[in-house]
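What follows is one structure encoded as structure tokens, with my remarks underneath.
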Amino acid sequence: MLLQKATTMTDIPARTGTHAIVIGGSLAGMLAAAAVKDRVDTVEIIEAHDLPLAPQARTGVPQAAHIHPLLSGGAKAIDMLLPGTIASLLDAGANRVPMTTNMVYLSPEGWYRRWQRDTHYLIAASRDLTDSVIRRHVLSDARVKVRSHARVVSLLGDAHRVTGVKLRTADGSEHAVYGDVVIDASGRSTRTPRWLADLGITDLVEDHIDSGMAYASRVYRAPVPTANWPLINVLPDPALPGPAGGILPIEQDRWHVSVYGPPGSHPGREPEGFEAYVRSLRHPIVSDLLKHAEPLTDVTITHSTANHRFYYERLKAWPEGLIALGDSVAAFNPIYGHGMSVAAQGALAIRDVLTAGLFPGFARQAQRAVSRPINVAWSLAVGQDVLYATTTGKQATPADRLLHSYVSRLSRTATGNFRVATALTDVLTLEAPPAVLLRPDILLASIIGPLRPPHIGPGFTAQEHQLLKRAGVQLS
């Protein structure tokens with residue numbers, strides 16, 4: 001878009017020491033700053049909008065209205081980057097949900113048992129709360145500053161080395177900011193592919209795989225205390241792809257409810273349509289619970305659920321000084337809940353590479369390290385989405401269908417086998433690679449099948465049943 005007035009470009013006064021520039025004040029941007037702050041003298045986060053101090057909506061994050069679980073693989077990475085952050089998040093009201101101990105989970109193959117296990121978990125909180133706690137921890141470091149109301153319009157340097165960025169401020173003026181490291185954490189709106197092309201790097205490969213899925217969310221006042229309350233999840237019958245959804249217990253005794261489905265089975269935006277969609281789930285548990293919950297927000301619906309990835313790690317040439325992180329590299333179908341955790345693991349990978357300092361070739365090595373946690377989450381999300389007949393960008397191969405058949409068998413086995421349930425949880429929480437599911441003991445267990453009979457109905461504990469009874473909730 002052309003500016004309506006002429007712009008001038010000036011240089012920001014040079015700084016002494018080493019300087020890192022982070023594009024975007026998103027969660028990924030904050031974690032990027034945490035990854036490099038001990039390896040440079042100063043870090044500057046360039047953000048187009050204001051960054052709120054309190055847990056409130058941030059401009060440019062429309063997906064914050066939907067469920068955002070932080071998986072234990074990501075939570076552990078955040079605590080390694082910023083010790084004490086997860087404890088602060090819990091102190092602020094977030095819930096720690098052990099998996100599968102506190103899961104009432106109807107898989108396509110049946111109800112999971114609530115195996116007593118505390119090793120893996122998810123942190124249940126609103127995205128606004130998670131962002132605010134992480135932001136507070138990062139910005140408490142005097143070396144990290146934020147430049148608000150500024151947009152990066154291009155990279156400085158050439159195909160061999162990026163030396164900084166050109167930014168445009170709210171008054172239309174343009175400035176050059178120089179740095180030793182530039183990290184793009186601007187999200188799905190990233191311009192790095194175009195900027196690389198401007199530098200002469202044009203052989204970038206990308207994937208765009210879209211199932212056409214849509215999802216809708218609403219926040220409710222829970223009729224029961226949400227501390228130690230289980231995650232509720234209902235998935236469709238594999239033979240009848242259709243609506244799915246669940247309840248995440250978040251801070252301030254609220255339930256964050258999200259439902260989703262493929263084309264032909266999209267949720268509605270109006271409250272009545274949302275409630276009807278919830279009633280259409282495979283099991284009435286979510287509908288039963290919401291009858292006694294108070295709606296606190298309108299319904300938010302999103303159609304942006306495509307998986308999109310840039311394969312920066314495959315480029316023959318990569319400029320020194322440039323790294324991309326988070327959705328700027330790979331954005332996943334958000335229903336799988338991998339985005340925040342992958343960004344955290346990628347930031348930790350950057351920090352680990354930079355332990356040796358800003359050595360020659362550090363940027364390429366860091367970019368390759370960022371791709372490793374992406375590979376795991378990508379295989380999980382795309383491996384599921386390609387099975388929908390409506391998916392564009394890639395079609396399921398015989399190998400994809402064979403793998404899906406095997407995972408379905410594992411899921412059925414997991415309904416009555418602790419070891420297999422544990423292995424699946426290891427992978428889904430991004431604590432282990434999918435190859436774990438090919439261990440000899442897991443292969444043998446899949447052949448034998450469940451060791452216990454199917455669990456009939458939601459597995460609420462006696463204490464949870466008592467809380468529901470006091471709230472007047474009757475389950476079908």
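Structure notes:
- Subset of segment 157-167 (residues that are in contact with a strand residue (DSSP E or B) (Cβ under 7 Å, 6 or more places away or on another chain) and either under 29 Å from P334 (Cα atoms) or in a loop (DSSP other than H, G, I, E, B) (or both)): H160
- Considering (1) surrounded by 16 or more Cβ atoms within 10 Å (Cβ to Cβ); (2) in a helix (DSSP H, G or I); (3) acidic (D, E), the lone condition that E431 does not fulfil carries the number (2).
- Scan segment 244-256 for residues that are of a type in the set (V, I, T) and more than 14 Å from V104 (Cα to Cα) and the total you get is 1.
- Pick from segment 125-181, criterion within 28 Å of the chain's Cα centre (by Cα) and among the polar types (S, T, N, Q), ranking: nearest to E320 (Cα to Cα): S154
- Failed condition for G264, given (1) at positive phi; (2) buried (at least 17 other Cβ atoms within 10 Å of the Cβ); (3) among the small types (G, A, S): (2)
- Test: residue in segment 86-97 that is modelled with pLDDT of 95 or more, surrounded by fewer than 21 Cβ atoms within 10 Å (Cβ to Cβ) and over 21 Å from the mean Cα position of the chain (by Cα): yes
- The set of residues from segment 201-219 being surrounded by fewer than 18 Cβ atoms within 10 Å (Cβ to Cβ) and either under 20 Å from the mean Cα position of the chain (by Cα) or at pLDDT below 95 (or both) comprises T202, D203, E206, D207, H208.
- Identification of strands (runs of 3 or more DSSP E) wholly contained in segment 168-242 with 2 or more residues that are on the phi > 0 side of the Ramachandran plot and among the aliphatic types (A, V, I, L, M) yields no element.
- Count of residues meeting criterion [farther than 19 Å from L428 by Cα and either modelled with pLDDT of 95 or more or not in a helix (DSSP H, G or I) (or both)] in segment 349-378: 19
- The combined condition, being more than 30 Å from V473 (Cα to Cα), among the hydrophobic types (A, V, I, L, M, F, W, C) and modelled with pLDDT of 95 or more, is not fulfilled by L231.
The values are calculated or read from the model by the stated rules, or taken from the named source; none is laboratory data. Since this is a predicted model, take the numbers as computed values, not measurements. Neighbour counts are summed over all protein chains in view; Cβ atoms, including those assigned to glycine, are modelled from backbone coordinates with ideal geometry.
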